[in-house]
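Trainee: Handing you a structure now.
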Amino acid sequence: MILEVSSVTKAFGGLVAINDLDLAINEGEVVGLIGPNGSGKTTSFNLISGFIKPDRGEIIFNGKDITGFKPHRICQYGIARTFQLTKPFAGLTALQNVMIGMMYGEGKIRSVAKAKMECEKILEFVGLARRGQAPVTSFGTVDRKKLEIARALATRPRLLLLDEMMSGLTATEMEEAVRLVKAIGDSGITIIVVEHVMKAILDISSRLIVLNYGEKIAEGEPREVVRNEQVIEAYLGE
Ligand SMILES: Nc1ncnc2c1ncn2[C@@H]1O[C@H](COP(=O)(O)OP(=O)(O)OP(=O)(O)O)[C@@H](O)[C@H]1O
Ligand SMILES: [Mg+2]
C-alpha cells in the first residue's frame, strides 16, 4: 500500500469537512475520488499534501508517517498535487514554471542544463512541446491545466493528486486529457483523480471512492459504484 489515511477528521469551525476518513491506495492504482460539491474532495487532497493538518487521524505514505508534515517535505517524499484553480508564476515562461516545480521536489538542481532538458521533455509529454519559452500569461485554460500537470510531474512524484483538471475543457481536449492521465498511470505513478465529468472518471479509474459530507459512502469497481443507490441519492440531493 502506498497511501493509508486512517480515521482522519478535519473541521472548519463547526463544519466537519472530513469525518473519520479511511483511504487505502495501492501502488500503481488510478483511483477516482468523486462526490457532490462540498463533499470534501479538495480538503482530502489538502490533508494528504500537507496544506492543512488533520485534527485527528494519521496519514502514512510509503510506510512513513507524514501526518502534520509541511507541503514541501511531503512533496520531497513523493506526493505531488495540482490545484483546482491553477496559479502559475505569471512573470515566468512555461519552462521556468516547470523548473521551479523540479526545485520544489528535489530541493536542489545539480545541473541547470540537465534540469532544463528534463523539464522540456516533461512539457513535451503533457502536450506543450515548443511552448516552453512562451509566457504563461498567454496560456488558455487547457494549456494552463497541462502546465499544472507538468509542474507536478517535475517534482518526480510517486503519487499524483489531480484536482478537476477536466473542468472547462472541450470534449476533444478532454479526450486528450484522459489519454494523458492514462499515460502518467502507465509510467508507474499512482494517481488519485478528483473529477466531476463522469465519462472521464469512468475511463480513467480502476477503482472509485465516493465522498458525501466528508464521509466515504462507497468504493469499488467504478461501474458498480455509480449504480449504488446511496451514491445516486447523494448526487440527486445535490
Ligand atoms: N479553508 C476552509 N475554511 C472553511 N471551510 C472550508 C475550507 N475548505 C473547505 N471548506 C468547506 O469544507 C467543505 C468541503 O470542501 P471541499 O472544497 O473539500 O469540497 P469539494 O468536494 O472539493 O467540492 P467541489 O466539488 O465544489 O470542489 C465545504 O463545505 C467547504 O465550504
Ligand atoms: Mg474541490
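The values are calculated or read from the model by the stated rules, or taken from the named source; none is laboratory data. What you see is a predicted model, and the numbers here were worked out from it, not measured in a lab. Cβ sites come from the backbone with ideal geometry, for glycine too, and all protein chains shown count toward neighbours.
Trainee: Take the conditions modelled with pLDDT of 95 or more, within 25 Å of Glu176 (Cα to Cα) and more than 16 Å from ligand 2 (Cβ to nearest atom) and apply them to Glu120. Does it pass?
Mentor: yes
Trainee: Quick check on region 64-81. Is at least one of its residues within 16 Å of ligand 1 (Cβ to nearest atom) and aromatic (Phe, Trp, Tyr)?
Mentor: no
Trainee: If you don't mind, another one. Can you tell me which residues in region 192-212 are surrounded by fewer than 17 Cβ atoms within 10 Å (Cβ to Cβ) and within 14 Å of ligand 2 (Cβ to nearest atom)?
Mentor: Answer for region 192-212, where residues must be surrounded by fewer than 17 Cβ atoms within 10 Å (Cβ to Cβ) and within 14 Å of ligand 2 (Cβ to nearest atom): just His196.
Trainee: Would you check if Met99 is loosely packed, with under 15 Cβ neighbours inside 10 Å, hydrophobic (A, V, I, L, M, F, W, C) and assigned to a helix (DSSP H, G or I)?
Mentor: no
Trainee: Moving to a separate point now. Only residues that are of a type in the set (Ser, Thr, Tyr), within 17 Å of Ser7 (Cα to Cα) and either away from ligand 2 (no atom under 12 Å from the Cβ) or in contact with a Ser or Thr (Cβ under 8 Å, 6 or more places away or on another chain) (or both): list them for region 31-88, please.
Mentor: Hits for region 31-88 are Ser49, Thr67.
Trainee: Moving on. Quick check on Ile25: is it hydrophobic (A, V, I, L, M, F, W, C), modelled with pLDDT of 95 or more and either more than 26 Å from Gln230 (Cα to Cα) or within 16 Å of ligand 2 (Cβ to nearest atom) (or both)?
Mentor: no
Trainee: What are the pairs with Cβ atoms under 7 angstrom where one residue, in region 175-201, is closer than 13 Å to Val30 by Cα and the other, located anywhere, is within 16 Å of ligand 1 (Cβ to nearest atom) and acidic (Asp, Glu)? Sequence gap at least six, or different chains.
Mentor: What qualifies is Val194/Asp163; Val194/Glu164; Glu195/Glu164; Ile201/Glu195.
Trainee: Continuing with the same structure: Residues that are under 19 Å from the mean Cα position of the chain (by Cα): find the helices (runs of 4 or more DSSP H) completely inside region 120-238 holding 1 or more of those. Walk me through it before giving the result.
Mentor: Working: elements: 141-153, 171-186, 198-204, 222-225, 229-236.
By residue number, 141-153, 171-186, 198-204, 222-225.
Trainee: Just to be sure, is Ile79 surrounded by 15 or more Cβ atoms within 10 Å (Cβ to Cβ) and either of a type in the set (Gly, Ala, Ser) or within 20 Å of Ala152 (Cα to Cα) (or both)?
Mentor: Taking the combined requirement at face value, the residue satisfies it.
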